[in-house]
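Just below is one structure, and these are the notes that go with it.
Just so it is clear, none of the values below were taken in a lab; they were calculated from the coordinates. In this text the structure is predicted, and so the values were computed from the model without any measurement. Counting neighbours? That spans all protein chains shown, and the Cβs are built from the backbone with ideal geometry, glycine included.
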């Protein structure tokens, strides 16, 4: 079972230190949620782990072996779904799939998915938010990388596709370690085996909605 460990990471923008004390471990079979208010550094954390944003300092290991974020990309260790859509709007769904996967078995796993089969002939720009996000999650989730970073997979999507994404991720976690951040906290908590919240640049382990209230992420009367 593969385990990714973030031992330490720091990041400043100008004089503002956004991240200064965050550490966690993520193993295959686990889904870890990352919470925090807007501007707390959630997306920045994922981007530093993936290597698209340079950290001031960062220490990561997989199975005890130190790696650099650039190595995780080259060695296909960490896959990343950004907050904003990553697909060209003029291409059809069915034409995107072979760009990601050369193996027919992998292509079929996505093309014949019950939800994707309905939209295969549509262009990316014609998809609803839920259709698009579900398709993107399937693409990234079916990559061979053992660790998966998801930035706001539930944001602004239809309830049907929230259900489908949760179902897919629950099945996927047997072969992946998944890190997920989203303001739709109930959807995240439905999935996660562990959670942390970023507050004032530091990471704190949390368990449930009660802890989110204690850290002033939610109001006391939130449900």
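Numbers for the structure displayed
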quantity	calculated
Estimated [θ] at 222 nm from DSSP helical runs (n ≥ 4, -39500 (n - 2.57)) normalised by residues in the chain, nearest 500	-9000 deg cm²/dmol
GNM flexibility winner over the chain from 29, 177, 64 (Cα, springs under 10 Å)	64
Protection-proxy order for peptides 194-202, 147-155, each taking the mean of Cβ atoms within 10 Å per residue, highest first	147-155, 194-202
Gain on full stretching of the segment that runs from residue 213 to residue 61 - 0.36 nm per residue minus C-alpha separation	51.5 nm
Taking 215, 210 and counting other C-beta atoms within 10 Å, the order from fewest to most	210, 215
Average Cα contact separation per residue, the chain, under 8 Å, 6 or more apart, as relative contact order %	29 percent
Sequence of 11, 65 once ranked by neighbouring C-beta atoms within 10 Å, starting from the fewest	65, 11
Estimated FRET transfer efficiency when R0 is 22 angstrom, pair residue 74-residue 102 (beta carbons, to 0.05)	0.75
Viscosity 1.002 mPa s, temperature 20 °C, Stokes-Einstein D of the range 94-148 from Kirkwood C-alpha radius, µm²/s	186 µm²/s
Centroid-to-centroid separation of the range 1-51 and the range 82-146 [C-alpha atoms, Å]	27 Å
Rg over Rh [alpha-carbon atoms, Kirkwood Rh] for the range 139-223	0.98
Two-site FRET efficiency, residue 117 against residue 2, from Cβ-Cβ distance with R₀ of 30 Å, rounded to 0.05	0.40
Calculated FRET efficiency for the pair residue 86/residue 20, C-beta based, R₀ 25 Å, to 0.05	0.30
Fewest-first sequence of 1, 129 by Cβ atoms within 10 Å of each Cβ	1, 129
Overall Cα dimensions of the chain, principal axis frame, Å, largest first	47, 44, 35
